[in-house]
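The values are calculated or read from the model by the stated rules, or taken from the named source; none is laboratory data. Here the structure is a predicted model, which is why all the values come from computation and not from measurement. Note that each Cβ is placed from the backbone with ideal geometry, even for glycine, and that neighbours are counted across all protein chains shown. Protein only, heavy atoms only, side chains kept; ligands, DNA and RNA dropped before computing areas. Shrake-Rupley method; radii C 1.70, N 1.55, O 1.52, S 1.80 Å.
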Amino acid sequence: MTGEGADDDGPGADGESVVRRDRFSGGPARAFLSSLADDERIFAADLAVDRAHVVMLAEQGIIEGEDAGAILSALAEIGDAGHAALPDGEDVHEAIETAVIDRVGPAGGRMHTARSRNDEVAACIRYRLREDLLKTLSTLVEAREQLLETAGGHTETVMPGYTHLQPAQPTTVAHWLCSYEEALARDTARLVDAYDRVNRSPLGAAAFAGTSFDVDRERTAGLLGFDGLVENATDAVSARDFLVETTAGMAGLATTLSGLAEDLVTMASKGHVALDDDYASTSSIMPQKKNPDTLELVRGRTGDAVAGLQGLLTTLKGLPRAYNRDLQRAGRHAWDVIDSTTGSVEVAVGAVATAEWPADTLEEAAGEGFSTATGAADLLAQAGVPFRTAHEVVARAAEGMAPGESAPGIDALDAAGEAVMGEPVTGRVDREALAGALDPAANVAMRDSRGGPAPEAVEAHLERAREGLAEDREALGRRRERVEDAGEQLNAEVATYV
Ligand code: ARG
């Protein structure tokens with residue numbers, strides 16, 4: 001079937017610009033039904049989808065080249081005028097179609113041949129989401145770069161490490177930062193993975209059951225830069241799991257950032273980090289205050305992200321095939337989570353990049369709570385004492401510590417050795433090595449296992465992390481380029497009609 005027919009038929013024929021028949025969706029439910037305001041987010045996407053669809057229709061001989069040209073020119077004008085200039089409509093798709101018919105006349109009504117708003121909106125969301133994902137991902141890659149750069153300057157800055165918020169073992173600022181960069185690398189990987197499933201075209205599925213027109217779905221997919229199709233027409237219009245995995249990836253990312261923010265808030269409360277004024281806030285009454293509010297908001301926004309994911313899943317749960325209007329409420333969850341989380345990436349990492357770490361205070365704190373104990377036990381075990389016995393010796397010495405003391409002296413360790421294994425600790429290990437194990441910096445340097453905090457181990461990790469980052473940057477660049485190339489190709493094709 002082709003789009004033969006007299007041009008004076010249909011909506012717009014008598015000068016009206018209606019796409020929907022007036023009998024429907026008027027009255028008090030009109031505003032309730034409308035997504036036009038929310039759809040601003042997909043305005044540009046819809047124009048691109050329209051353009052690709054019209055080019056394909058003309059190439060397939062479904063509409064005349066002349067009509068295609070008139071429609072494409074109208075779309076250009078509508079794009080220039082912007083979303084705010086659209087006529088009233090139930091949504092952006094309807095409003096744009098009305099605006100096209102306003103300009104072109106009844107032939108404008110050919111634009112919506114062989115498609116439905118169902119495949120159209122799914123294509124628009126995927127198209128826009130792709131752009132958002134690319135933006136978040138490049139923010140993330142820059143953020144990781146900053147973390148690695150900051151880490152590079154702090155491989156020797158010793159700081160206390162905690163488990164259960166109790167002093168555990170000394171580590172370094174670099175080692176701690178790298179732990180977050182590695183987590184963010186996985187968040188990046190999850191989002192890239194999601195991107196590749198977002199980037200599939202549902203266009204050509206029509207309402208849910210395909211079309212009798214000879215559409216070329218691969219062609220519209222290619223013109224829009226999609227990597228292939230969502231093949232089954234019903235799945236193409238029903239599926240929003242691409243929103244779920246993107247939003248879940250964002251909520252995971254927000255959770256990583258929340259941990260980083262929480263660490264910084266705790267560090268700031270102890271004077272272990274000095275935040276730049278740009279990332280701090282003051283009290284309206286307590287003049288001495290400098291509060292880490294930005295980081296508390298990063299932590300707080302994670303609640304929004306988790307709520308968004310929950311809202312989205314709840315919206316989708318139990319929906320029957322194929323299109324149901326509930327789906328109109330799905331996108332907004334994803335957009336909110338993306339905007340909120342992308343802002344958090346920038347702020348959390350900006351706070352890190354501009355902060356100062358007071359090395360002396362940190363090193364002193366790193367020795368508190370006998371956090372060097374494991375190093376002392378390791379030393380004994382390396383001298384042949386079973387680790388469990390070594391653990392017992394050092395624990396015995398720890399129990400004898402006076403309040404406020406940060407570590408037992410060598411004499412106390414010797415006495416504990418006598419009591420537990422019948423010989424002093426210094427009978428087994430070199431006195432100087434033992435003093436080293438009790439010194440936070442030397443204690444850190446002992447832990448040079450792969451992925452450990454010793455400066456050379458962190459240097460090696462940094463090198464691998466930088467390579468991983470470069471690969472991610474490249475993978476991202478390839479995807480961006482593919483989208484840009486498709487945009488240029490679409491422009492070129494459109495230009496042949498107008
Ligand atoms: N505004 C709708 C949405 O966002 C577009 C699809 C409308 N389709 C329909 N069959 N009513 O989902």
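The table that follows gives values for the structure above.
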{"item": "Rg(Cα) / (2.2 N^0.38 Å) computed for the stretch 229-288, rounded to two decimals", "result": "2.02"}
{"item": "Surface/4 estimate of mean projected area, convex hull on alpha-carbon atoms of the stretch 155-282, nm²", "result": "12.2 nm²"}
{"item": "Label-point separation, residue 450 to residue 495 (7 Å along Cα→Cβ), nm", "result": "5.3 nm"}
{"item": "Kirkwood Rh, angstrom, the stretch 11-162 [1 / mean 1/r, Cα pairs]", "result": "18.0 Å"}
{"item": "Top positive-direction residue, dipole computed over the chain with Cβ charges, set 137, 93, 52", "result": "93"}
{"item": "Modelled FRET efficiency - R0 30 Å, residue 216 with residue 241, Cβ distances, 0.05 increments", "result": "0.70"}
{"item": "Volume per residue that the Cα convex hull of the stretch 323-475 spans, once the total is divided by residue count, Å³", "result": "224 Å³"}
{"item": "Normalised contact order of the stretch 45-149, rounded percent, pairs of Cα under 8 Å and 6 or more residues apart", "result": "29 percent"}
{"item": "Gyration tensor verdict on the stretch 317-392 (Cα atoms; rounded if a/c is under 1.5, prolate if a/b is larger than b/c, oblate otherwise)", "result": "oblate"}
{"item": "Residue 66 paired with residue 464, simple spin-label distance in nm, labels 7 Å along Cα-to-beta-carbon", "result": "6.8 nm"}
{"item": "Three semi-axes of the equivalent ellipsoid, the stretch 191-244, Cα gyration tensor, whole Å, largest first", "result": "20, 14, 6"}
{"item": "Relative compactness, the stretch 141-199, computed as alpha-carbon Rg over 2.2 N^0.38 Å", "result": "1.43"}
{"item": "Per residue convex hull volume, Cα atoms of the stretch 301-351, in Å³", "result": "57 Å³"}
{"item": "Heavy-atom accessible surface of the stretch 428-479: percent carbon and sulfur, 1.4 Å", "result": "48 percent"}
{"item": "Gain on full stretching of the segment that runs from residue 207 to residue 482 - 0.36 nm per residue minus C-alpha separation", "result": "96.2 nm"}
{"item": "Rounded if a/c under 1.5, otherwise prolate or oblate - the stretch 257-409, Cα gyration tensor axes", "result": "oblate"}
{"item": "P(r) tail fraction, the stretch 102-198 - alpha-carbon pairs more than 18 Å apart, %", "result": "67 percent"}
{"item": "The chain - convex hull of alpha carbons, volume per residue in Å³", "result": "186 Å³"}
{"item": "Calculated FRET efficiency for the pair residue 138/residue 435, C-beta based, R₀ 35 Å, to 0.05", "result": "0.10"}
{"item": "Per residue solvent-accessible surface (Å²) - the chain, probe of 1.4 Å", "result": "45 Å²"}
{"item": "Mean Cβ count within 10 Å, highest first, over the residues of peptides 332-345, 69-82", "result": "332-345, 69-82"}
{"item": "Cα coordinate range in the stretch 47-89, projected on the principal axes (Å, largest first)", "result": "33, 17, 16"}
{"item": "Set of lysines near residue 290 by C-alpha distance (under 29 Å), chain-local residues within fewer than 8 positions excluded", "result": "270"}
{"item": "Overall dimensions of the stretch 424-498 as given by Cα atoms, namely Rg and Dmax in Å", "result": "27.2, 92"}
{"item": "Ordering of 169-177, 130-138, 254-262, 378-386 by burial proxy (mean other Cβ atoms within 10 Å per residue, highest first)", "result": "169-177, 254-262, 130-138, 378-386"}
{"item": "Whole-percent carbon and sulfur share, accessible surface of the stretch 323-395, 1.4 Å", "result": "47 percent"}
{"item": "On Cα atoms only, tilt of 92-104 relative to the major axis of the chain in degrees", "result": "40 degrees"}
{"item": "Residue 85-residue 326 pseudo-label distance in nm [points 7 Å out on the Cα-to-Cβ vector]", "result": "3.9 nm"}
{"item": "Signed unit charges on C-beta, dipole axis of the stretch 285-387, positive-most listed residue 384, 351, 361", "result": "351"}
{"item": "Relative contact order (%) - criterion: Cα under 8 Å, at least six apart; region: the chain", "result": "17 percent"}
{"item": "Qualifying aspartates and glutamates (Cα of each under 12 Å from Cα of residue 317; at least 8 residues distant if same chain)", "result": "241, 326"}
